[in-house]
Amino acid sequence: MPAEFGIVYPLWNEVLAPRDLLERVAGEVGLDHITVPVITGPWHEFRLVTPLEPERSFATEGGWHFPPVSERYRPTGVIPRTARWTGKRNHLARLCERAGALSLRLVFRVDLRGAACASEQHAHLRMRDAWDDELPWACVAQAELRELLYAVLADLACYEPAGIELADWALDTSTGQAHETSLSWHAGARRLANTCFCPACRQVAAHAGLDADHIARSVRVHTERMLTHPEDDWRGMLAADELLKAYRHGVRPRECADWLTQLSASHPQERQYLLRPVTANGDCTPAGWYPLLDTPAGTTHEELERGILNRTERWEETPTVWGLSLPVWRPTFTDSAALVRMVTQTAAAARLFDLDGVSTALPEAITWLKQAVRFARRG
Ligand SMILES: [Zn+2]
């Protein structure tokens, strides 16, 4: 099965990008789909090419980038917040028409955790760490966040997407455009300190007969030990803690995967992808979902290669559909040859490519993209 190629096309391109950008890229590169981020967290980007000069930068507080149908959300008790830049216009409907005229399939990217963590309205959905401090990201174990996702998918169904990408839908992880800088010198301690003990996570643990208070105490002790004695064998220390392992890697991830499987079964018409950073640890892909590796802004070429090599070997053992979200330009790729090489090498295994950053790069990026797709299709 040949790979499908598409570009990530944010809705604000409808007012900020050169008017014919989509038609030009679709014509020159030969795209199969466009991936449209329809719900995001706060976003800021600098644009090298814009018809609105001297305006160079675009910022949004995030939220719904299309007009939500409020009745869909009434049972959830949440009023979805439309991003202010839209001026309440339906840019998504217009983009769908343009995509239809170009015979492009539509894939919607949903970062509900990013949108939720930016809003005080959703503060009660936030993760809580082992010290009972609030973390700024919504927890995927929360029933209300899950109900909200059901409502979002129902709301988007009228646009007839071919696929849905769910961004950063994972336990104990950060989300959004901003890089996580806290404890950046000890990634292991940071991951452990991000273990969530919100009421929903505690409830899942209690169902499985696990004592969350006891496990939270272990997280505090282990984290402090890792930070004060970073040279010790912390991996061995964590591996020996059976209760902690059951909490972090057993009962909670299993419960989340079961819920995602149910969600997928209720939306059989679309292909569903779980978008996770290429540098993230651990993959658990529930039935009905396909893994999609994301390359967060600022990822170097070396980090990308390491992340891909770590995973592709395992995925080739179990042939499945998976995809790759790749920037087409700097800083990950500094020349066209590197992009061509990466796309060609992975095209044999990846089924979907989301090529990102065309609208914020110099026009040369379109030429790089054209070369990469052409070489990969030639096989
Ligand atoms: Zn939680």
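In sequence order, the stretch 154-164 has phi-based couplings of 5, 5, 7, 4, 5, 8, 6, x, 7, x, 10 Hz under the Karplus curve 6.51 cos²θ - 1.76 cosθ + 1.60, θ = phi - 60°, and Gly or Pro positions carry x.
All C-alpha pair distances within the stretch 129-228, sorted into 10 Å bins from zero, spread as 13, 38, 30, 14, 5, 0 percent across the bins.
Amide H to amide H distances under 5 Å link residue 164 with 108, 271, 272, 273, where only residues 5 or more positions off or on other chains count and H is placed in the peptide plane. With K and R counted +1 and D and E -1, the other residues having a Cβ less than 13 Å from that of residue 341 yield a net charge of -2. Across the stretch 331-344, rounded Karplus estimates of 3J(HN,Hα) from the backbone phi angles (6.51 cos²θ - 1.76 cosθ + 1.60, θ = phi - 60°) give x, 5, 10, 9, 8, 5, 4, 5, 5, 4, 4, 4, 5, 4 Hz, Gly and Pro being marked x. With the convex hull of the Cα atoms taken as the outline of the chain, the averaged projected area works out to 18.9 nm².
For trypsin sites (Lys or Arg not before Pro), the sites in the stretch 45-113 that DSSP calls loop and that have at most 10 other Cβ atoms within 10 Å are 88.
Measuring nothing but how far apart in sequence close Cα pairs (under 8 Å, 6+ apart) lie, relative to its length, the chain scores a relative contact order of 18 percent.
Entry note, the stretch 116-188: relative contact order of 22 percent, from Cα contacts under 8 Å with a spacing of 6+ residues.
The length gained on full extension between residue 237 and residue 44, counted as 0.36 nm times the residue separation minus their Cα-Cα distance, comes to 65.5 nm. Simple rule: put +1 on each Lys or Arg Cβ and -1 on each Asp or Glu Cβ in the stretch 61-192, find the dipole, and look at 96, 171, 184; the Cα lying farthest toward the positive end is 96.
Label sites at residue 160 and residue 338, each approximated as a point 7 angstrom past Cα along Cα to Cβ, lie 4.1 nm apart.
Over all directions, the average projected area of the alpha-carbon convex hull for the stretch 122-183 comes to how many nm²?
Details: hull surface 21.5 nm².
In nm², the orientation-averaged hull projection of the stretch 122-183 is 5.4.
Overall, the chain carries a charge dipole of about 620 debye about its Cα centre when +1 sits on the Cβ of Lys and Arg and -1 on the Cβ of Asp and Glu, all other atoms neutral.
Taking GluC sites (Glu not before Pro) as exposed when their DSSP state is a loop state and no more than 12 other Cβ atoms lie within 10 Å, the longest site-free interval of the chain runs over 56-230. Principal axis analysis of the Cα atoms in the stretch 1-133 yields extents of 53, 42, 33 Å, listed in decreasing size. Taking label points 7 Å from Cα along the Cα-to-Cβ direction, residue 124 and residue 375 give a separation of 5.4 nm. When each of the peptides 168-174, 37-43 is scored by the mean number of other C-beta atoms lying within 10 Å of its residues, the order from highest to lowest reads 37-43, 168-174.
Readers should treat all values here as calculations from the given coordinates under stated rules, not as data from a laboratory. Values in this document were obtained by computation on a predicted structure and should not be read as measured data. Positions of Cβ are backbone-derived with ideal geometry, glycine not excepted, and every protein chain shown enters the neighbour counts.
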